[in-house]
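All remarks here apply to the structure that follows.
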Amino acid sequence: QALNVGRSTIREAIRILVSRNVVQIMRGRGTVVTNKPGLADDPLGYQFVRDKEQLVVDLLEIRLIVEPRIAGLAAMRATDEDIVRMRALADEFEQQVAHGRQNAAKDVELHACIAQCSHNEVITSLIPIINQSIYSFSELADGRIFQDSIDTHRAVVEAIASHDAHTAETAMTRHILSNQRLIEQKLTKKST
């Protein structure tokens, strides 16, 4: 009444906001703003892809195209605060691997932090795609992959901390190629 708008208009507006992940309707609580307004957890519908192994291979190919340049931009633009946060996440990831704990969430956080260090809003909107790749990858991974990730993560982080874009891009390329090789080996063994 205060805005002189009809109920059907309000319902349609709420429906649109829900579809864009700005608000969610929670039974017993009403309509609330989401934790990540406008950002869907699975924007490209990966949960519906049947061949999860091929999805991991495909996502790694996309990451190989995109993430090295993201690391290069992060090296050029990361602030001292960004670098402290990124190093802390790398340390936490290493600790989780060393103690045999689940570490996909920390891996996701580290890669998201690297993307955020680029200080490019479009790149940060790609984070859900990178996240899905990491989660899918970790489901197929083994301990050897995690140890290799420690080494390659550290190289990426230190190159960014040194503001060396070329080395950061090279290190990220090595990281993703290493993951790609290990997954391909694992899938080849599985098929034989």
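The values are calculated or read from the model by the stated rules, or taken from the named source; none is laboratory data. Treat the numbers as computed from the prediction; the structure is a model and nothing was measured. When we count neighbours, we look across all protein chains shown, and the Cβ atoms used for this are built from the backbone with ideal geometry, even at glycine. Note: accessible area is taken over every heavy atom of the protein model, side chains too, but ligands, DNA and RNA are not part of it. Shrake-Rupley method; radii C 1.70, N 1.55, O 1.52, S 1.80 Å.
Kindly provide the set of residues from region 61-79 that are crowded, with 20+ Cβ neighbours inside 10 Å, part of a helix (DSSP H, G or I) and of a type in the set (A, V, I, L, M, F, W, C), ordered by number.
Scanning region 61-79 gives 70, 71, 73, 74, 75.
Matching residues to (1) modelled with pLDDT under 85; (2) of a type in the set (Asp, Glu):
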{"site": "121", "(1), (2)": "no, yes"}
{"site": "128", "(1), (2)": "yes, no"}
{"site": "135", "(1), (2)": "yes, no"}
{"site": "141", "(1), (2)": "yes, no"}
{"site": "145", "(1), (2)": "yes, no"}
{"site": "174", "(1), (2)": "no, no"}
{"site": "187", "(1), (2)": "yes, no"}
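Kindly indicate which of 105, 168 is touching a helix residue (DSSP H, G or I) at 6+ places or on another chain (Cβ under 7 Å), within 18 Å of residue 60 (Cα to Cα) and either of a type outside the set (D, E, K, R) or at pLDDT 95 or above (or both).
Criteria check complete, one pass: 168.
Any residue at all in region 129-138 that's outside any helix (DSSP H, G or I) and open to solvent by 10 Å² or more (accessible area, probe 1.4 Å)?
No, region 129-138 contains no residue that is outside any helix (DSSP H, G or I) and open to solvent by 10 Å² or more (accessible area, probe 1.4 Å).
Counting only residues that are without any contact (Cβ under 8 Å) to a residue 12 or more places away in the chain and among the charged types (D, E, K, R), which one in region 100-122 is least open to solvent (accessible area, probe 1.4 Å)?
101
Out of (1) at negative phi; (2) outside any helix (DSSP H, G or I); (3) at pLDDT below 80, the odd one out for residue 38 is which?
(1)
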